Amino acid sequence: MAVSVWDLCLGKPPLTSLSENSATVGDALSALKASGEDFVSVWSCDHRGRSDGSEERRECRCVGKVCVVDVICYLCRRSNVDGPGTGDAVDELLRSPVSVVVREAGVVRHVDPHSSLVDAINLMLEGAQNLVVPIESIERNVSSTKSKKKFSHKSSICSTNHNGREFCWLTQEDIVRYLLSSIGFFSPLPALSIESLGIIKTDDVLAVRYDDPASSTINAISNALVKQTAVAVVDEEGKLIGEISPLTLASCDESVTAAIAVLSVGDLMAYIDYGGPPEYILQEVKVKLREKGLDGMLALLGESPVPASPHPSSASEEDDEESSSVLRSSTRKYGKSGSFSGRRMVRSADAIVCHPGSSLVAVMMKTLAYRVNYIWVIEDDCSLAGIVTFSDILEVFREQLETISK
């Protein structure tokens, strides 16, 4: 099976990029919103030429990537957004250098386009999430240069041109999708159950309780971003109710930071489920922000900080309790069929599930259909049994590919 990395790159667009040296956290948000992509790449480039006047330039390198959730976790962890009258505090944080939110080294790796499929899988299993691959040079593809997106309105947001070259990147999803397209080559492996393959993991599960404060989940959300998974939400019996996914949080933009600061996990799930939360949920968040003295976070909701309102009356407290019960009523448990709400696919708090007896090919098809890198494994009573990730799947296929090549 002589497949190279380049074969998997055909048709992929050039990367949207940020300058490591001049971009800010706010620039990263602008680029993410303008591009519509889940991640933007961060580059270290020297386009100035040498001091002796020659045009030799240092090689451009992709040093990391950023997504909206990186920014959300950064804002949630910074205590200086909650001072009284700190409407400018959030703006100050957004002016911080993009390096404060760039993913750790090793997540992004440069590879030769002629590298083999097994080489790519090995790098993924060593911890790389994105493999950066050079594509056609700008000089030889002028027409594509005219049509591609640029973000020249800010000097810190680079074009896709890096010393006359463009780059794309491969993800685990790209490789698993390719393997699924060639699934017949690996028979009978795809028909085996994930239980028999031993790829259901329990030690990698990140889980929180429904009634936990959402603010207590920041570390778990950050870890889920590193693992390319999500945080499971379970009840007191350990049954799966839903999830908090970095992918879903990214679709909510940075304003969800305010909701994380004051809502419970269950209420945050409802907030996410709406995609654009209705006015009554926004008002509840604003009231709780003022009650907790987190006026600085009001700027994330497009509102100037104002003095906190008086403590609510008993009638208001009853209304708040009723509102919370309404929020909690939106969550669901999953039956044997593993069915989900079809309203917004993964852009909600719904969890994508399978069972221990599910076949490998069925798991691959479901994860790719919902564009997630993982799937929750549940028992017949909906109790959480574990998780299967793309890394687990790639490990199985690597062993198969190495056996074939011998």
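Brief remarks follow.
- Sole exception among (1) at pLDDT below 80; (2) under 30 Å from residue 89 (Cα atoms); (3) part of a helix (DSSP H, G or I) for residue 318, by number: (2)
- Among the residues of this structure, residue 55 counts as one that is loosely packed, with under 14 Cβ neighbours inside 10 Å, in a loop (DSSP other than H, G, I, E, B) and at pLDDT below 85.
Yes/no matrix, rows are residues, columns are (1) open to solvent by 10 Å² or more (accessible area, probe 1.4 Å); (2) touching a residue at least 40 places away in the same chain (Cβ under 8 Å); (3) touching a helix residue (DSSP H, G or I) at 6+ places or on another chain (Cβ under 9 Å); (4) within 17 Å of residue 197 (Cβ to Cβ):
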| residue | (1), (2), (3), (4) |
| --- | --- |
| 365 | yes, yes, yes, yes |
| 369 | yes, no, no, no |
| 377 | no, yes, yes, yes |
| 382 | yes, yes, no, no |
| 389 | yes, yes, yes, yes |
| 392 | yes, yes, yes, yes |
| 398 | yes, yes, yes, yes |
| 403 | yes, no, no, yes |
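- Residue 368 meets the conditions (1) modelled with pLDDT under 95; (2) under 30 Å from residue 185 (Cβ atoms) in every case but one. The failed one is (1).
The values are calculated or read from the model by the stated rules, or taken from the named source; none is laboratory data. Keep in mind that what you see is a predicted model, and the values were worked out from it rather than measured. Counting neighbours? That spans all protein chains shown, and the Cβs are built from the backbone with ideal geometry, glycine included. Heads up: the accessible areas ignore ligands, DNA and RNA and are worked out on the full protein's heavy atoms, side chains in. Shrake-Rupley method; radii C 1.70, N 1.55, O 1.52, S 1.80 Å.
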